[in-house]
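Where a number appears in this text, it was derived from the coordinates with a stated rule and is not lab data. Keep in mind it's a predicted model, so treat the numbers as computed, not measured. Cβ sites come from the backbone with ideal geometry, for glycine too, and all protein chains shown count toward neighbours.
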Amino acid sequence: MTEKTSGTRVLLVDDDEVFCSVLARGLTRRGYRVEKAHDAEQALVVARDYQPEHVVLDLKLGDDSGLKLIQPLLEAVPEARIIVLTGYASIPTAVEAVKLGAANYLPKPVDVDTVVSAFSGQHEEPVPTAEPPPQPMSLKRLEWEQIQRVLAEHDGNISAAARALGIHRRTLQRKLGKRPVKR
């Protein structure tokens, strides 16, 4: 434990209680004081009372989007550094998270050392730029990116996103249940 991390308060917001406990244990071993929340309402209550310096926020909280929680968390704890974690990494959601005030955006699975580096700003995942990739994206990847963008525009509401995309809600749910397509 270093003096720099000794007693630093961290709030973990993730509906996956096992992942949350494992990450909390790893952070505690490194000298952080950790509180956990498993939904948006609980996260705001804990944040107001606990006043964490860092918040690790999952992008998908049950049926809600963690993106909706960034602004309220920053209002409750303006100095907090928010790190967004997601198993559904996409360019549109990364950009949106940073625009809303997140300090960093990390894809799951993530290890404790990467999270700790993100706290200090040493592990800065650059927000993707508009530079064209060396090889064009596949049609399946373009579809995945479009779905993620439209889903973010509709605050994670699958029914509204499906209507906007002109597809059935169950079709969208099936597509979201698949792993992101490689480029």
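With the convex hull built on the Cα atoms of segment 1-121, state its orientation-averaged projected area in nm².
The number I arrive at for segment 1-121 is 6.5 nm².
Pop out the ³J(HN,Hα) list for segment 32-43 in order, Karplus 6.51 cos²θ - 1.76 cosθ + 1.60 with θ = phi - 60°, rounded to Hz; leave Gly and Pro as x.
8, 9, 10, 10, 10, 9, 10, 8, 5, 4, 4, 4
In the neighborhood of Asp14, defined by Cβ-to-Cβ distances under 14 Å, what is the net charge if each Lys or Arg adds +1 and each Asp or Glu adds -1?
Summing Lys and Arg as +1 and Asp and Glu as -1 gives -3.
Relative to the present Cα-Cα distance, how much length would full extension add between Arg174 and Asp39 at 0.36 nm per residue of separation?
46.2 nm
Above 16 angstrom, tally the Cα pairs of segment 21-66 and express them as a % of all pairs, no decimals.
In whole percent, the share of Cα-Cα pairs in segment 21-66 beyond 16 Å is 41.
Excluding Asp39 itself, what net charge comes from residues whose Cβ is under 9 Å from its Cβ, given Lys and Arg +1 and Asp and Glu -1?
Every neighbour counted, the sum reads -3.
For Lys178, which lysines qualify as cross-link partners when the Cα separation must be under 16 Å and same-chain residues fewer than eight apart are set aside?
Hits, sequence-local ones excluded: Lys60, Lys108, Lys140.
Per 0.36 nm of contour for each residue apart, how much would the distance between Asp111 and Leu139 grow if the chain were fully extended, relative to their Cα-Cα spacing?
7.0 nm
Among the trypsin sites (Lys or Arg not before Pro) within segment 142-180, which fall in a DSSP loop and have no more than 16 other Cβ atoms within 10 Å of their own Cβ?
Lys178
First select every other residue whose beta carbon is under 11 angstrom from the beta carbon of Leu165; then total the charges, Lys and Arg +1, Asp and Glu -1.
Net of charged neighbours comes to +2.
Segment 1-76: which trypsin sites (Lys or Arg not before Pro) are DSSP loop and have at most 14 other beta-carbon atoms within 10 angstrom?
When the trypsin sites (Lys or Arg not before Pro) of segment 1-76 are filtered for loop state and at most 14 Cβ neighbours within 10 Å, Lys4 remain.
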